[in-house]
1. Report, by residue number, each residue of the stretch 166-215 that is part of a strand (DSSP E or B), touching a residue at least 60 places away in the same chain (Cβ under 8 Å) and hydrophobic (A, V, I, L, M, F, W, C).
2. Within the stretch 216-233, is there a residue that is closer than 30 Å to Leu156 by Cα and assigned to a strand (DSSP E or B)?
3. Among (1) free of Cβ contacts under 8 Å to residues at least 12 places away in the same chain; (2) more than 30 Å from Phe24 (Cβ to Cβ), which single condition is Met103 missing?
4. Looking only at the stretch 147-159, decide whether some residue is more than 23 Å from Lys65 (Cα to Cα) and either at pLDDT 90 or above or not charged (D, E, K, R) (or both).
5. Can you find a residue in the stretch 56-70 that is among the hydrophobic types (A, V, I, L, M, F, W, C), within 18 Å of the chain's Cα centre (by Cα), crowded, with 23+ Cβ neighbours inside 10 Å and assigned by TED's automatic domain parsing to the domain that holds Pro153?
6. Provide a single number: the residues in the stretch 72-87 that are touching a Ser or Thr at 6+ places or on another chain (Cβ under 9 Å) and either basic (Lys, Arg) or part of a loop (DSSP other than H, G, I, E, B) (or both).
7. Give the stretch 114-166 a look and list any residue that's surrounded by 15 or more Cβ atoms within 10 Å (Cβ to Cβ) and either on the phi > 0 side of the Ramachandran plot or outside the structural domain of Glu196 (by TED's automatic domain parsing) (or both), or say none.
8. May I ask you to verify whether Pro37 is at pLDDT below 95 and closer than 21 Å to Lys140 by Cα?
Amino acid sequence: MALLEVKELSKSYGSIKAVSSVNFTVNAGEIFGLLGPNGAGKTTTISMLSCLLKPDSGDALVDGKSIIKEPMEVKKRIGVVPQDVSLYPTLSAQENLVFFGEMYGLTGARLRGKVDEVLEVVDLKDRRKETINKYSGGMKRRINIAVGLLPSPQLLILDEPTVGVDPQSRTNILETLKELNNQGLAILYTSHYMEEVEFLCHRIAIMDLGKIIAIGDLNELRLLVGERDLLRISTSNQITPVLIEDIKKIPDVGETRVLDESMEILTLHGRKLLPQIIEKFGDNSVKIRSVEVKEPPLKVSSAPTSTFIV
């Protein structure tokens, strides 16, 4: 079920078309990634969905509520984590959260309970009384996320929330978001880091020059860009011509190459086909020493690799 429906959304700044007829949906309980380089139009799109910027044309519905006709109803259903840290540096984390909680209409015991809850989520409860200007960049980002969680949103919108943070803080933020999603929160996540959307997102839209140029899950996008998995299988004895022919007969196996006592296999479905491939080696009495699976990212770069010793 679509929680967010974006319909032909467009925005220009003078002669510059920042966002051009963008369409996508985010389902309830889904993490949806908006991936693209700086200047692709991601922040403008987020600003319109957050009701901070009025579209030139098109519309978007959050839980059936229009960002144009019912912006106050939309704001009740979303939490927003902007790209810039939007906190008061001389106030403590708790004071910031109380202030923003009151802006959301929270008061009394409900406000205190919500502040405790979001501090627990971002793992900063024991640092609550320290002023923001004493926080590291990663800690500030985590409090920024805590602010977005105060209204108990149905949809959390994050605009590049890990920019400028150290690797440990980035991992903490990504794990926190994954856990929130496991609890049922829908998330719209923008980034120009491919590894982040690959780790987090169920579906991904690639945006460039204001347009959505591709959309789908990770495997679908890999198919679109034509990237394939590489299986490298090392053996203890010689690879026979019969084995090579047996491997080539497996559906979805692409190119094969034999190098001394190893075989390289290109396929779009490496992990899926691996059991069948290993079975063929056994049928031909060729003993496997190790299997390396190299999966491509969305774009050619250093791909993640898994190695199994047999």
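The values are calculated or read from the model by the stated rules, or taken from the named source; none is laboratory data. Just so it is clear, the structure is predicted and the values come from calculations on it, not from any experiment. Note that each Cβ is placed from the backbone with ideal geometry, even for glycine, and that neighbours are counted across all protein chains shown.
1. Selection gives Ala186, Ile187, Leu188, Ile204, Ala205, Ile206, Met207, Ile212, Ile215.
2. Checking the stretch 216-233: at least one residue is closer than 30 Å to Leu156 by Cα and assigned to a strand (DSSP E or B).
3. Failing condition for Met103: (2).
4. Within the stretch 147-159 (the criterion being more than 23 Å from Lys65 (Cα to Cα) and either at pLDDT 90 or above or not charged (D, E, K, R) (or both)), the answer is no, since none of the residues qualifies.
5. no
6. Within the stretch 72-87, residues that are touching a Ser or Thr at 6+ places or on another chain (Cβ under 9 Å) and either basic (Lys, Arg) or part of a loop (DSSP other than H, G, I, E, B) (or both) number 3.
7. Scanning the stretch 114-166 gives a single hit, Glu160.
8. Judged against the criteria, Pro37 is not a match.
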